[in-house]
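Chemist: The structure under discussion is supplied below as structure tokens; questions concerning it will follow.
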Amino acid sequence: MKENLLESGVRSSEDRGVLQYAPTHDTRLGTQTRVALTGNDAVALAFKQVDPDVAAVYPITPQTELMHKFADYVSNGEVHTELMLVESEHSAMSASIGASAAGARTITATSSQGLALMWEMLYIAASYRLPIVMVDVNRALSGPLNIHCDHSDTMGCRDTGLIQLFSENSQEAYDNTIQAFRIAEHPDVQLPVMVTLDGFIISHTVEALKVFDDEVVKAFVGEYEPLRSLLDTDNPITMGPLDLPNYYFEHKRQQVEAMERSRKVISTVGNEFEKISGRKYGFFEPYKLDDAELAIVLLGSTAGTAKDAVDLLREEGIKAGLLKLRVFRPFPGRQIIKALANVRAVGIFDRSISFGLEGGPLFNEVRSFAFESNFKMASFIYGLGGRDINVAQIRDVFLTLKEIKDTGRTDIPVQYIGLRE
């Protein structure tokens with residue numbers, strides 16, 4: 001695991017297990033403590049520090065322990081949250097919609113089939129412009145039944161209207177969750193935000209990370225002041241009416257504008273978070289990309305393994321690089337192409353399949369912006385149902401990309417990493 005470098009103006013006292021970051025702007029000083037947590041527990045801690053009004057919860061592997069931990073905080077009186085134990089994931093999102101529409105800061109979490117059961121309501125949460133924060137612990141969709149990680153659940157709802165943030169490790173899962181509230185609740189956005197972390201790989205693995213004191217998180221997130229509420233009888237609103245052809249089209253266009261405005265908000269919140277944490281967040285993280293001739297683009301926990309592969313190839317004299325996406329919706333297509341401008345061959349890694357379409361969803365998203373680029377592209381499908389990927393396999397991908405660069409080949413089909421033919 002590779003930590004982001006700290007910016008200037010940082011004072012470290014790691015020997016005491018506490019880090020002090022001295023901001024260069026008028027920002028609250030963030031005191032951080034180094035702890036060991038699973039990804040699920042890290043997100044639960046972020047939820048606890050935000051202290052939301054309502055949590056609608058239903059268990060599903062591998063998300064269950066996340067809300068178990070948050071339920072402990074509720075039981076122990078450490079938060080003031082109304083914990084709603086519902087009868088399904090569909091009900092969890094339905095209850096979240098009702099709570100958020102009433103003006104409550106609202107959270108939920110799920111995985112896999114639970115997310116699939118929510119899909120009907122995800123469209124509604126987004127179209128009602130409700131700033132719900134939801135965590136999805138990535139898990140393969142059935143069938144056959146599988147409880148391990150891939151991204152088919154998240155990718156299945158990429159057009160629902162939710163903002164989607166991916167996490168490489170427990171630290172990013174914690175940080176993304178805190179930032180999600182500021183992004184979702186911004187007056188220019190008012191959209192649900194989904195934070196994802198890879199099931200078991202992150203959710204159940206204990207890692208060292210740095211966490212804030214509760215007061216720092218509360219100050220960063222701020223008090224929730226809903227823009228509208230169904231309970232505000234002095235300012236009545238209509239929510240969820242029949243929307244016939246005279247108006248529906250315009251309402252969808254408003255959602256487009258909200259998603260577009262979120263781009264600036266995501267950047268602003270990331271910059272403000274860097275001031276209190278020393279950790280930089282944007283739409284993606286480049287790794288040794290400045291002079292790279294070969295690069296891969298991917299999402300999630302595999303970035304850590306890929307960085308080791310890049311380091312190994314650099315030692316061999318091969319100019320390899322990595323672009324790890326953090327934000328999948330709104331998709332930063334033009335920025336990705338700009339970041340890859342000097343690369344000759346690019347491999348796009350997908351942990352899911354778009355059936356009937358050549359390559360995975362991330363590959364096709366990038367390809368849709370690459371028509372004016374100078375690099376060759378290839379699609380690599382990996383890790384379905386939790387199958388491992390290792391440094392040697394990623395190194396082989398770079399060697400394939402080197403062949404593409406050297407020969408100009410464009411006939412290399414979609415490849416499946418680690419598949420037993």
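Chemist: If Glu215 satisfies every condition in (1) surrounded by fewer than 16 Cβ atoms within 10 Å (Cβ to Cβ); (2) farther than 15 Å from Ala46 by Cα; (3) acidic (Asp, Glu) but one, which is the exception?
Modeler: All conditions pass for Glu215, except number (2).
Chemist: Going through the range 334-358 one residue at a time, which ones are small (Gly, Ala, Ser) and over 15 Å from Ala378 (Cβ atoms)?
Modeler: Ala339, Ala341, Ser352, Ser354, Gly356
Chemist: Then there is this: Based on what the data block shows, is Phe363 of a type in the set (Phe, Trp, Tyr), more than 20 Å from Phe166 (Cα to Cα) and assigned to a helix (DSSP H, G or I)?
Modeler: So Phe363 fails the test.
Chemist: Additional query: Can Val327 be described as within 21 Å of Glu260 (Cβ to Cβ), in contact (Cβ under 8 Å) with a residue 24 or more places away in the chain and either surrounded by 22 or more Cβ atoms within 10 Å (Cβ to Cβ) or not assigned by TED's automatic domain parsing to the domain that holds Leu162 (or both)?
Modeler: So Val327 passes the test.
Chemist: Let me ask something additional. Suppose we keep only residues that are of a type in the set (S, T, N, Q) and surrounded by 17 or more Cβ atoms within 10 Å (Cβ to Cβ) within the range 256-280. Which one would you say is nearest to Glu168 (Cα to Cα)?
Modeler: Residue satisfying both the conditions and the ranking: Ser277.
Chemist: On the basis of being under 30 Å from Leu115 (Cβ atoms), crowded, with 16+ Cβ neighbours inside 10 Å and at pLDDT 95 or above, does Ile202 make the cut?
Modeler: So Ile202 passes the test.
Chemist: Same structure, new question: Based on this model, can you work out whether Ile348 counts as touching a Ser or Thr at 6+ places or on another chain (Cβ under 7 Å) and in a helix (DSSP H, G or I)?
Modeler: no
Chemist: So, one more: Given the criterion touching a Ser or Thr at 6+ places or on another chain (Cβ under 7 Å), assigned by TED's automatic domain parsing to the domain that holds Phe273 and at pLDDT 95 or above, identify the matching residue among Val79, Val86, Val50, Val74.
Modeler: The unique qualifying residue is Val74.
Chemist: Among the listed residues Ala303, Ala292, identify the single one that is in contact with a strand residue (DSSP E or B) (Cβ under 6 Å, 6 or more places away or on another chain), of a type in the set (Gly, Ala, Ser), buried (at least 22 other Cβ atoms within 10 Å of the Cβ) and part of a loop (DSSP other than H, G, I, E, B).
Modeler: Ala292 is the lone residue from the list that is in contact with a strand residue (DSSP E or B) (Cβ under 6 Å, 6 or more places away or on another chain), of a type in the set (Gly, Ala, Ser), buried (at least 22 other Cβ atoms within 10 Å of the Cβ) and part of a loop (DSSP other than H, G, I, E, B).
Chemist: Next up: Could you please find all residues in the range 223-250 being loosely packed, with under 11 Cβ neighbours inside 10 Å and in contact with a Lys or Arg (Cβ under 8 Å, 6 or more places away or on another chain)?
Modeler: Those that are loosely packed, with under 11 Cβ neighbours inside 10 Å and in contact with a Lys or Arg (Cβ under 8 Å, 6 or more places away or on another chain): Asn235, Ile237.
Chemist: Another question about this same structure. I'd like to verify a number: residues in the range 359-379 that are of a type outside the set (Ser, Thr, Tyr) and within 24 Å of Cys149 (Cβ to Cβ), how many?
Modeler: 9
Chemist: Here is a further query. Does Leu298 meet the test of being outside any loop (DSSP other than H, G, I, E, B), in contact (Cβ under 8 Å) with a residue 60 or more places away in the chain and touching a strand residue (DSSP E or B) at 6+ places or on another chain (Cβ under 6 Å)?
Modeler: Taking the combined requirement at face value, the residue satisfies it.
Chemist: Checking the structure you have, find out if any residue of the range 315-323 is in a helix (DSSP H, G or I), within 24 Å of Ala140 (Cβ to Cβ) and not assigned by TED's automatic domain parsing to the domain that holds Pro62.
Modeler: no
Chemist: Just the residues that are touching a residue at least 60 places away in the same chain (Cβ under 8 Å), in contact with a helix residue (DSSP H, G or I) (Cβ under 6 Å, 6 or more places away or on another chain) and of a type outside the set (A, V, I, L, M, F, W, C), please, taken from the range 42-85.
Modeler: Correct list: Lys48, Gln49, Glu65.
Chemist: Can you name every residue in the range 194-216 that is among the acidic types (Asp, Glu) and closer than 15 Å to Thr110 by Cβ?
Modeler: Asp198
Chemist: For the range 107-160, enumerate the residues that are assigned to a helix (DSSP H, G or I), in contact with a His (Cβ under 7 Å, 6 or more places away or on another chain) and surrounded by 24 or more Cβ atoms within 10 Å (Cβ to Cβ).
Modeler: Selection gives Met118 alone.
Chemist: Moving to a separate point now. Given the options Gly103, Gly114, name the one that is farther than 19 Å from Ile183 by Cα, in contact with a Phe, Trp or Tyr (Cβ under 9 Å, 6 or more places away or on another chain) and touching a residue at least 40 places away in the same chain (Cβ under 8 Å).
Modeler: Gly114
Chemist: Moving on. Based on what the data block shows, is Asp188 outside the structural domain of Ala303 (by TED's automatic domain parsing), touching a Lys or Arg at 6+ places or on another chain (Cβ under 9 Å), surrounded by fewer than 24 Cβ atoms within 10 Å (Cβ to Cβ) and farther than 23 Å from Phe70 by Cα?
Modeler: Yes.
The values are calculated or read from the model by the stated rules, or taken from the named source; none is laboratory data. Worth saying up front: this structure is predicted, and the values here are computed from it rather than measured. Note that each Cβ is placed from the backbone with ideal geometry, even for glycine, and that neighbours are counted across all protein chains shown.
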